[in-house]
Amino acid sequence: MVPEPDHDEVLLEAIASLCVPLLRELDAFESLLRRLHPPAIEGLRDDLRPHHAALAESRGAFRALETQASEAGLSKLWSELSQAAGAACRAAELFCDATPGPGAMALVLQSMQAHAQAQEALFAMRSALSPIDRFFLEPGCRDRAGSFDRPPDDGAHRGGLHHARNDRDARGGFSLWVPEAPPEEPFPLLVVLHGGSGHGADFLFTWLREGRSRRCVILSPTAQGGTWSFQGPDVDALALRQMVDFVAERWPIDAEKILLTGLSDGATYSLYAGTQAEMPFTALAPVSGVLHPAVLGQAGRERLGGLPVYLVHGALDWMFPVELARAAAEQLRAAGCALVYREIEDLSHTYPREENARILDWFAGL
């Protein structure tokens with residue numbers, strides 16, 4: 001007679017059986033976003049479907065054990081893993097449904113939001129499940145998983161993930177990651193700006209792995225309006241300064257290490273706001289944006305002279321042709337900026353996640 005499997009073993013196996021395809025699907029979706037280019041979308045869907053199918057199958061088996069998990073006191077873990085898996089499945093479904101035509105881009109944007117929501121739900125479980133902890137670290141740091149989030153016993157250091165008036169239906173708030181272990185020296189601060197129609201609560205996860213690995217504070221604001229105000233009255237600059245001040249008053253921030261970066265409209269606004277004389281930013285790293293015509297006029301040479309700028313653009317960018325970036329590089333150099341220009345041959349109008357490490361290496365060396 002074959003003995004029945006141990007109850008706890010069944011639940012542990014179910015957790016492992018869900019985590020593996022869930023992490024693989026999230027990784028595959030991240031790779032898809034890096035390669036997002038209109039002519040390639042159908043092939044990207046084909047790449048994603050097997051990961052989605054594997055996750056959907058594992059998710060069904062996992063949910064079937066919900067009652068047993070509750071009896072074992074694992075309701076919270078089961079609920080959080082189910083939430084993460086559900087959001088990851090929704091991301092894949094939305095992306096695969098985004099067939100060409102009106103509304104296709106809206107579905108792609110919704111899929112990206114669902115992908116970020118899956119990561120947020122999963123991130124909450126990093127202390128309980130070591131594969132999740134490792135997923136949110138750079139490869140070179142994963143052998144030290146478990147050592148990054150050790151808050152002090154007295155609770156004096158308020159680390160972790162915070163949201164300030166930044167629900168996903170709200171504008172003008174911010175999301176914030178603060179390393180949970182107190183610093184031996186002040187933290188570098190990364191201020192990261194989403195693209196048009198984006199949201200800070202989502203865009204934070206574009207930087208979390210690298211910022212967490214290098215013990216940086218990450219401030220991810222949401223624009224006051226639908227995008228950043230580089231046209232018409234500038235309603236975002238004062239808010240950005242106030243957010244930086246708010247963070248610096250509550251956590252030890254290195255005033256000589258404040259990076260402003262962003263994607264697309266966030267990149268354009270990084271150059272627009274980041275070159276204003278009263279801004280606290282010590283370096284800029286715009287990705288896939290353009291140089292606003294007002295920048296060189298509003299920023300005196302004393303601000304631009306020697307200002308470190310890491311400018312990234314894709315040769316395949318269909319929204320802002322690469323010629324605009326090359327011209328911007330020439331203008332910024334002529335204005336005296338300490339410029340690094342990175343033109344990426346296979347990059348379209350999307351985010352090159354691999355540049356985060358290069359940007360932070362550059363930033364650390366300034």
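The values are calculated or read from the model by the stated rules, or taken from the named source; none is laboratory data. These numbers were taken from a predicted model, which means no experiment stands behind them. Please note: Cβ atoms are built from the backbone with ideal geometry, for glycine as well, and neighbour counts cover all protein chains shown.
Couple of notes before you dig in:
- Qualifying position, being buried (at least 17 other Cβ atoms within 10 Å of the Cβ), in contact with a Ser or Thr (Cβ under 8 Å, 6 or more places away or on another chain), in a helix (DSSP H, G or I) and at pLDDT 95 or above, among LEU55, LEU48, LEU18, LEU23: LEU18
- Residues considered: GLY196, GLY232, GLY274. Of these, the only one that is touching a residue at least 12 places away in the same chain (Cβ under 8 Å), assigned by TED's automatic domain parsing to the domain that holds LEU360 and farther than 21 Å from THR350 by Cα is GLY274.
- Qualifying residue in the range 104-127 (condition: at positive phi and out of contact with any His (no Cβ under 8 Å at 6 or more places or on another chain)): no
- Conditions (1) touching a residue at least 60 places away in the same chain (Cβ under 8 Å); (2) at positive phi; number of the one not met by GLY160: (1)
- Search result, residues across the range 60-115 that are touching a residue at least 40 places away in the same chain (Cβ under 8 Å) and charged (D, E, K, R): GLU80, GLU93
- Scanning the range 344-366 for residues that are surrounded by 15 or more Cβ atoms within 10 Å (Cβ to Cβ) and either of a type in the set (D, E, K, R) or at positive phi (or both) yields ARG353, GLU355, ARG358.
For every residue, the table says whether it meets (1) modelled with pLDDT of 95 or more; (2) assigned to a helix (DSSP H, G or I); (3) exposed (fewer than 12 other Cβ atoms within 10 Å of the Cβ).
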residue	(1), (2), (3)
ALA40	no, yes, no
ALA84	yes, yes, no
ALA87	yes, yes, no
THR99	no, no, yes
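- Residues of the range 165-176 satisfying the condition of being over 14 Å from the mean Cα position of the chain (by Cα) and touching a residue at least 40 places away in the same chain (Cβ under 8 Å): ASN166, ARG168, ALA170, ARG171, GLY172, GLY173
Every residue, every condition in (1) over 20 Å from GLY266 (Cβ atoms); (2) of a type in the set (Val, Ile, Thr); (3) part of a loop (DSSP other than H, G, I, E, B), yes or no:
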| site | (1), (2), (3) |
| --- | --- |
| GLN113 | no, no, no |
| LEU122 | yes, no, no |
| ARG134 | yes, no, no |
| HIS163 | no, no, no |
| ASN166 | no, no, yes |
| ASP169 | no, no, yes |
| GLY172 | no, no, yes |
| ALA181 | yes, no, yes |
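- For the range 298-327, a tally of residues being outside any loop (DSSP other than H, G, I, E, B) and either outside the structural domain of HIS194 (by TED's automatic domain parsing) or touching a residue at least 40 places away in the same chain (Cβ under 8 Å) (or both) returns 3.
- Residue in the range 63-79 that is more than 22 Å from the chain's Cα centre (by Cα) and closer than 15 Å to ALA118 by Cβ present: yes
- Taken over the range 237-259, residues that are of a type in the set (Lys, Arg) and closer than 17 Å to GLY200 by Cβ amount to 1.
- Here ASP254, ASP202, ASP245 are screened, and the one residue that is acidic (Asp, Glu), over 21 Å from the mean Cα position of the chain (by Cα) and part of a helix (DSSP H, G or I) is ASP245.
- With respect to the stated conditions, ILE359 fails to be assigned to a strand (DSSP E or B) and either touching a strand residue (DSSP E or B) at 6+ places or on another chain (Cβ under 6 Å) or over 19 Å from TRP207 (Cβ atoms) (or both).
- Residue within the range 148-161 that is among the aromatic types (Phe, Trp, Tyr), assigned to a loop (DSSP other than H, G, I, E, B) and under 19 Å from the mean Cα position of the chain (by Cα) present: yes
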